[in-house]
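Let me begin by presenting the structure, written as structure tokens, before commenting on it.
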Amino acid sequence: MSELALEELSALAAIYCEPDGCEVLAVSETHGITFRIQIRVKELLDTDVLLKLLFHLPVNYPSTLPDISVSSDQLTRAQCTDVKDKLLEQAKKHLSEPMEYLILQKTSKVDVDSSGKKCKEKMISVLCETKVQAQQKRFQTFEVKEYSRLDELQKEFEAAGLITLFSEFVPPLLK
């Protein structure tokens, strides 16, 4: 089973940590990983839509596209198919390559997970989505870090070879 698939699952579990947010259904050395993500999104008319996304990451993922199933009681079959197609379109853009998601993360402890530990609800914004360049550091695990000063955050970006992205995306967010 791919180490990248396990890393991706770990990151998703941390992001979607609310109850039933991310649930691992099966892990197999011969069949890969199957998991479900449930997420509420706002529709155009500001109504909540519960999306149920079922992913199967094959053993040779990310060299092979994941199998994706999308369902929702609030959407039509055609709308669910459209969501699935858009997800697969994004996956095809990054086939066989690790993705680099830079996020600005604000967290607050609002709930407890199934083991009773406080869970952080993540309100994230994707700052940039790009292919990893050779000079950029590849992160082996998902980790939440909190910084009280901007220069501390800037040093973290520098260490990862991402100072250009820091300069382009972080200062405008602080205005």
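At Glu168 and Glu152, where each label point lies 7 Å from the Cα along Cα→Cβ, what is the point-to-point distance in nanometres?
Each label point is offset 7 Å from its Cα along the Cβ direction, giving 2.7 nm.
At a probe size of 1.4 Å, how large is the accessible area of Glu152, to the nearest 10 Å²?
For Glu152, the solvent-accessible surface is approximately 60 Å².
On a C-alpha basis, how far is the centre of region 145-165 from the centre of region 46-84 in Å? Whole number, if you could?
When both Cα centres are located, 34 Å separates them.
Using a 1.4 angstrom probe with every protein chain in place, what is the largest-first accessible-area order of Glu7, Glu146, Glu18?
Glu146, Glu18, Glu7
The values are calculated or read from the model by the stated rules, or taken from the named source; none is laboratory data. Only a predicted model underlies this, so the values are computations on that prediction, with no experimental measurement involved. Counting neighbours? That spans all protein chains shown, and the Cβs are built from the backbone with ideal geometry, glycine included. Calculation scope for accessible area: heavy atoms of the full protein, side chains included, ligands and nucleic acids excluded. Shrake-Rupley method; radii C 1.70, N 1.55, O 1.52, S 1.80 Å.
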